[in-house]
1. Testing LEU171 on (1) in a strand (DSSP E or B); (2) of a type outside the set (Val, Ile, Thr); (3) in contact with a Lys or Arg (Cβ under 9 Å, 6 or more places away or on another chain), one condition comes back false. Which one is that?
2. Out of LEU371, LEU349, report the one residue that is among the aliphatic types (A, V, I, L, M), open to solvent by 10 Å² or more (accessible area, probe 1.4 Å) and under 27 Å from ARG314 (Cβ atoms).
3. For the list (1) over 15 Å from the mean Cα position of the chain (by Cα); (2) open to solvent by 10 Å² or more (accessible area, probe 1.4 Å), I need the number of the one condition that LYS180 fails.
4. Condition check: out of contact with any strand residue (DSSP E or B) (no Cβ under 9 Å at 6 or more places or on another chain) and surrounded by fewer than 22 Cβ atoms within 10 Å (Cβ to Cβ). Does SER277 satisfy that?
5. Of the residues in the range 293-348, how many are in contact with a Ser or Thr (Cβ under 6 Å, 6 or more places away or on another chain) and of a type in the set (S, T, N, Q)?
6. Can you pull out every residue in the range 116-168 that is part of a helix (DSSP H, G or I) and charged (D, E, K, R)?
7. Exactly one condition in (1) of a type outside the set (Lys, Arg); (2) closer than 28 Å to THR225 by Cβ; (3) buried (at least 22 other Cβ atoms within 10 Å of the Cβ); (4) free of Cβ contacts under 8 Å to residues at least 40 places away in the same chain is not met by LEU167; state its number.
8. May I ask you to list the residues in the range 122-151 that are over 13 Å from PHE184 (Cβ atoms), in contact with a Ser or Thr (Cβ under 7 Å, 6 or more places away or on another chain) and crowded, with 22+ Cβ neighbours inside 10 Å?
Amino acid sequence: MNYEAYFRAQLDGLRREGRYRVFADIERQAGAYPRAIRHDGGGKTREVTVWCSNDYLGMGQHPKVIGAMHAALDRYGAGAGGTRNISGTNHEHVLLERALADLHGTESALLFNSGYMSNWASLSTLASRMPGCVIVSDEMNHASMIEGMRHSRAERRLFRHNDVADLRRVLAELDPKAPKLVAFESVYSMDGDIAPIAEICDAADEFGAMTYCDEVHGVGLYGATGGGVTERDGVANRLTVIEGTLAKAFGVIGGYIAGTTAMCDFVRSFASGFIFSTALPPAVAAGARAAIEHLRQSNTERTRLHERAATLRRRLDAIGVPHLQNNSHIVPVMVYDPVLCKTISDILLDEHGVYVQPINYPTVPRGTERLRITPSPVHSDADMDHLVGALEAVWARFSLRRAA
């Protein structure tokens, strides 16, 4: 077999479909975000405004976060030095896990190196170690959740997205004595819709199922202290597992689960993705804890975020640019074509200095390609004017479908 030819042919297929992904080479500018410097590969640079970051609150440049990381780096050095079990548990990890448990009002929490790993390792461990366990999964769950379910080799049943009646139908069809785990997200990252968590918990309680809620796009952004949609809706105590990330609202990197001491210890003791991974650098843990502690005390960033998202939606409605309606901070601008979506993204970046990454299959279903815009507290009115003007010009240029 000509391996290189096969690789090239597969990549050419992605290009023909408009799904080949190109990295934007940018330098985030601490203290100036959402400004960034773009490198075009030819030695030229240009300032751009980032409108697609998951650093939702700008905490990646917050002085408290940067200061905590500098201090920890000077105190502990660069790396953790090992897995959590073999010399890698630094006191900063212990303090961060305590802070996460406090944030969610749970007995315990467990750190992972990423949100992807926390989903993959936790779901696969929970389902595989309980004989006969059935996972009942929202059909729109994230790839990391799906991979964890697959790796568990447990039976998996899907229910229609955010449809509690269909969830009940699926649960009613299962053996009442079988262990069951209902897995879903609080905020779905591509459409921006929010799950009916209380109703899902009601159904799970009725049929004796555990609940697993991915709060990756909710923690830090919702609730009085940033505990997520589960805090906002007063249901955190009803969930078996709350999973979250440190890489979005908290501005650094890492993932975690929170719940009872026994559940967290069970995952800690059996999850290969935890056992055999070197621990997060202590400086990262310190920065995450600083972000959590700040956002527990400050609502300024959350309030401004939601105002910016609401303002952008009104501005898009005024110029007829279509976007999915939702109650979250995510604004998906719909293009519906992969090639055109990439072309529009390139024009916005090259001609207007606006960086919005095109989103295509397999991240979203074919035919629903979009620009996923994430306003933040640090986007000014002038930034908003510039973005809206650029979108209006591009929509007119291609005579694109306009919202009614």
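The values are calculated or read from the model by the stated rules, or taken from the named source; none is laboratory data. Just so it is clear, the structure is predicted and the values come from calculations on it, not from any experiment. Counting neighbours? That spans all protein chains shown, and the Cβs are built from the backbone with ideal geometry, glycine included. With ligands, DNA and RNA removed, areas are computed over all heavy atoms of the protein, side chains included. Shrake-Rupley method; radii C 1.70, N 1.55, O 1.52, S 1.80 Å.
1. Here LEU171 clears every test but (1).
2. Going through LEU371, LEU349 in turn, just one is among the aliphatic types (A, V, I, L, M), open to solvent by 10 Å² or more (accessible area, probe 1.4 Å) and under 27 Å from ARG314 (Cβ atoms): LEU349.
3. Failed condition: (2).
4. In short, no.
5. 0
6. Listed by number, the residues that qualify are ARG129, GLU147, ARG150, ASP166, ARG168.
7. It is condition (2) that LEU167 fails.
8. Going through the range 122-151, the residues over 13 Å from PHE184 (Cβ atoms) turn out to be 122, 124-134, 143-144, 147-148, 150-151.
If we keep only those that are in contact with a Ser or Thr (Cβ under 7 Å, 6 or more places away or on another chain) as well, we get 124, 127-128, 148, 151.
Within the range 122-151, SER124, ALA127, GLY148 qualify.
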